[in-house]
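See below for the structure under consideration.
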Amino acid sequence: MLYLDFEKENHSMKRDKKTEQINLRVTKEEKERIKYLSKKSKQSSLSKYIINRSLNLENDDNLSFKRINTLTINPWILCRLNIKELNNNINYDTNDLNIEIMGSGIIASKIIKKFNLQTLTMHYSGGFTGKYLIDNLINENIEQIQYESEKNSRVNLDVFYDINKKISFAGEPSKINAISKQFILKKIRTFSSNDMFLITGDFHKDDEDFIYEMSKVANKNGVKLIFDLNKNFNNILLKFNPIIIKLKYIDLLNYYSNFKLIDDLSNKDNFEKFKKILLELREKGAQNILITFDSKRSMLYDSDSNFFTAFIDYEFKDKSYQGSDDVFIGAYVSNFLINSYEAFLYANATKMASISKEGIPSIDEINIMKKNVKIKKH
């Protein structure tokens, strides 16, 4: 079943005696991106790019990409309940549940949409929870395709009590069926070299071959691959030269068992050891490498061989970190064509904003948080 929802841009024309101007509703970040892209192109000027964009014409391949595609195989609905104490003899009011749609690709698409870029989110979902997910994305005007599961998408419940205590109830992740895999591959074959494709790590461990097949098909069409991967990450995927990869530091240690956990990267020796790992990932094919350490620290080794470390100077209080890495990669990808530093800054500010509130942050909330992100170039 396909559920597609397209956003149409509205543009107004203003005329005076001498000139005809196009009034575009674009964000400050998009204006910066347009200026950067116009400088990179030898054939297209800034004015040509703006006019083409306003008229929905094809732009020069060197200037931009059409769309950032994401895929979520295991979306779920997260319900949060805050209570004072956990007691068997008390009936709790479930009307106070906070409900969120979770799933790496979906959350990334929501952030990409906030930055005013075109995105398609594909998801394997089903049942009444799948319908809830579809309606949620329609309400947010996000283009989507559902590959329908025979089962209900899972529902997780987090109960917070006694200030810092939590008890969680989680459903089993779905394993995608063979028919849906073929339909997903068919869709990927329609992606072009102007597309980006974000593949996340929220797959069943038995689907490693499917991740490889998707990457192979996308790479053949010149699609710019982005891997947001977890402990199931396989180094063989780097042969497809992904433009961006992101890994959690704790998951990275699964591939470098001789490398001990480092808490202090300000130590020169520690940093040099870690740098060798990033250089090895680069040699295997990764172009821009993002590593997240915890809620406050991250690192970037970009395609220009710049090393950046970021620290969030902010105290979080009683907030969930779930989904914060997903908005991190979504914000980085959204601002990637401006420059790596700006993209890294926005990624950390967006992560910070998502932790500071429940739900997807607005651009205004993200911009407010930028001042609390400290970035060091090594």
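Values for this structure:
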read-out: Gained length - Asp269 relative to Asn339, 0.36 nm times residue gap less alpha-carbon distance; value: 22.3 nm
read-out: Gln144 long-range amide H proximity, modeled H, under 5 Å; value: Asp5, Thr121
read-out: Estimated FRET transfer efficiency when R0 is 30 angstrom, pair Lys357-Lys284 (beta carbons, to 0.05); value: 0.20
read-out: Potential lengthening between Lys370 and Ile138 on full extension [0.36 nm per residue; Cα-Cα distance subtracted]; value: 80.6 nm
read-out: Sequence-distant residues sharing a close amide H with Lys246 (under 5 Å, placed H); value: Phe227, Asp228, Leu229, Leu290
read-out: Segments 172-183, 345-356 sorted - mean Cβ within 10 Å per residue, highest first; value: 345-356, 172-183
read-out: Packing-based ranking, highest mean first, of 217-225, 324-332, 74-82 given that Cβ atoms within 10 Å are counted; value: 324-332, 74-82, 217-225
read-out: Phi-based couplings in Hz for the stretch 136-142 (Karplus 6.51, -1.76, 1.60; Gly and Pro marked x); value: 4, 5, 4, 4, 8, 6, 9
read-out: Residue-span extension gain [Lys165 to Leu185] - 0.36 nm each, minus C-alpha spacing; value: 2.9 nm
read-out: R0 of 45 Å, Cβ-Cβ distance Lys239-Asn87: FRET efficiency to nearest 0.05; value: 0.20
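All of the numbers you see were taken from the coordinates with simple rules; none came from a lab. Owing to the predicted nature of the structure, the values given are computational and were not obtained by experimental measurement. All Cβ positions, glycine included, derive from the backbone under ideal geometry; neighbour counts span all protein chains shown.
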